[in-house]
Amino acid sequence: MANPACAEVCPAEAVVYGRRADLLAEARRRLAAEPQRYNPKIFGERDGGGTQVLYLAGAGVSFRDLGFPDMPEKAPADLSESVSHAPYLHGLTPIALYAAAAWIINRHRNKESPPAEPKEKP
């Protein structure tokens, strides 16, 4: 995986690029190695359900002071996802939609078919 130029040239390794799991491990390593240097929180680890960008702040500096928003641990999309996925549990909605469509098609087909002609008696 190619690094962005800003991550390549940063001599202090303040900007690091990689997979989220690797970045979390690196952040935890830095916190364990020099706990007095950093705010003990990794912003983005759980904030908003976990973000793709992680931040460390210096000791005594809050993320709010840096302009970061207060975010709940659960992502706002969790509720909308559960609401939108609920009707499709166990395939009930597609089955109901298929049955409704079949009923409508059959009803229209019956209306369009010509009346049966009376059979002639011999």
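Readers should treat all values here as calculations from the given coordinates under stated rules, not as data from a laboratory. Since this is a predicted model, take the numbers as computed values, not measurements. Cβ placement follows ideal geometry from the backbone for every residue including glycine, while neighbour counts extend to all protein chains displayed.
Things to note:
- Considering only GluC sites (Glu not before Pro) in DSSP loops that have at most 16 other Cβ atoms within 10 Å, the longest stretch of the chain without any of them is 74-119.
- For V15 and L89, a Förster radius of 35 Å and the Cβ-Cβ distance give a FRET efficiency of 0.25, rounded to the nearest 0.05.
- Efficiency of FRET between K111 and Q52 - r from beta-carbon atoms, R0 41 angstrom, step 0.05: 0.15
- In a fully extended conformation the segment linking A77 and W103 would gain 5.8 nm over its present Cα-Cα distance, using 0.36 nm per residue.
- Given charges at Cβ of Lys, Arg, Asp, Glu: the chain dipole, positive-most of I95, F63, N3: I95
- For the chain, a crude dipole built from +1 on the beta carbon of Lys and Arg and -1 on the beta carbon of Asp and Glu, taken about the Cα centre, is about 480 debye to the nearest 20.
- Summarising the amide proton neighbourhood of Y38: residues at separation of 5 or more, or on other chains, whose placed amide H is nearer than 5 Å comprise A59.
- Helix 92-112 axis, angle to the chain major axis (alpha carbon atoms, nearest 10°): 30 degrees
- Taking other residues whose beta carbon is less than 12 angstrom from the beta carbon of L24, and scoring Lys, Arg as +1 and Asp, Glu as -1, yields +3.
- Sequentially through the range 22-35, phi angles give Karplus couplings (6.51, -1.76, 1.60; θ = phi - 60°) of 5, 5, 4, 4, 5, 4, 5, 4, 5, 5, 5, 6, 9, x Hz, Gly and Pro residues having no value and appearing as x.
- Annotation: the residues L31, L97, sorted from fewest to most other C-beta atoms within 10 Å of their own C-beta, follow the order L97, L31.
- Working note: Debye formula, equal point scatterers on the alpha-carbon atoms of the chain, no solvent; log10 I(q)/I(0) at q = 0.10, 0.19 Å⁻¹ is -0.57, -1.12.
- Ellipticity estimate at 222 nm from DSSP helix runs (n ≥ 4, -39,500 (n - 2.57)) divided over the chain, nearest 500: -12500 deg cm²/dmol
- Ordering H108, H90 by the number of other Cβ atoms within 10 Å of each residue's own Cβ, fewest first, gives H90, H108.
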